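Trainee: Have a look at this one before I ask anything.
The values are calculated or read from the model by the stated rules, or taken from the named source; none is laboratory data. All figures in this text were calculated on a predicted structure; none of them were measured in a lab. Glycine also receives a Cβ, built like all others from the backbone with ideal geometry; neighbour counts cover every protein chain displayed. Only protein heavy atoms, including side chains, enter the accessible area calculation; ligands, DNA and RNA are left aside. Shrake-Rupley method; radii C 1.70, N 1.55, O 1.52, S 1.80 Å.
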Amino acid sequence: MSSGEGHPWLADSLPIIEPAFLAEILHEVADIALAINRKGVVMSAVVNEGNLPVTSLDHWVGNNLADYLTEECEPKFQRVLSGRRSGSQVMRVELNHCDGQEWQYPVKYSVHQSDRAEDTILMLGQDLGHVVETQQKLVHAQLALEQGYEEQREYDARYRMLMSVAREAFVLVEVASGQIQDLNEAAATILGSTRDA
């Protein structure tokens with residue numbers, strides 16, 4: 001969602017949500033909900049443990065979120081911190097987290113600047129681990145297909161070489177139909193024709 005004219009949800013028409021209900025809503029709509037300050041320090045971390053391999057990120061609270069990002073994502077996070085947005089505009093960013101050896105995977109965040117608490121940034125994240133897993137499976141399948149094609153090409157090359165150098169006549173016949181599937185030049189000569197014919 002973005003702010004602007006024609007926004008379907010006007011602030012005046014929304015009910016005031018009690019903090020207890022807000023936490024429950026964030027738990028349902030996000031795999032990770034983070035409140036950070038403008039220096040990047042995590043003030044609150046809520047985890048939807050049904051979707052993540054961890055049940056708590058309490059150890060993040062009081063620490064800089066950059067400490068739990070892969071090196072290549074730190075510049076993206078710095079852009080989040082420096083990108084003051086007006087009103088309720090939303091910034092989107094994908095960050096790869098690492099938390100020791102416990103878990104490591106990408107999360108797609110929507111970043112919300114708070115009007116009332118200028119020092120607070122709300123980050124609602126969706127786990128992209130399943131996307132990465134699917135991509136890895138596709139890559140492995142592609143590599144397996146390519147390996148299969150390569151093995152088939154090698155088999156075909158050896159077969160053609162065998163057909164061209166064999167001196168004895170031989171014919172490959174389909175058992176069910178009795179049709180000739182292939183033969184070498186020596187067999188074609190005996191049959192009084194050419195191999196292609």
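Trainee: Can you find even one residue in segment 132-147 that is open to solvent by less than 90 Å² (accessible area, probe 1.4 Å), in contact with a strand residue (DSSP E or B) (Cβ under 9 Å, 6 or more places away or on another chain), under 30 Å from Q104 (Cβ atoms) and among the β-branched types (V, I, T)?
Mentor: For segment 132-147, residues open to solvent by less than 90 Å² (accessible area, probe 1.4 Å), in contact with a strand residue (DSSP E or B) (Cβ under 9 Å, 6 or more places away or on another chain), under 30 Å from Q104 (Cβ atoms) and among the β-branched types (V, I, T): present.
One line per residue, one yes/no per condition, for (1) among the hydrophobic types (A, V, I, L, M, F, W, C); (2) under 20 Å from the mean Cα position of the chain (by Cα); (3) more than 21 Å from N184 (Cβ to Cβ):
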| position | (1), (2), (3) |
| --- | --- |
| I121 | yes, no, yes |
| Q126 | no, yes, yes |
| H130 | no, yes, yes |
| Q136 | no, yes, yes |
| V139 | yes, yes, yes |
| L143 | yes, yes, yes |
| Q147 | no, no, yes |
| R153 | no, no, no |
| R160 | no, no, no |
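Trainee: Related question: Please verify whether segment 141-159 includes one or more residues that are modelled with pLDDT under 85 and assigned to a loop (DSSP other than H, G, I, E, B).
Mentor: no
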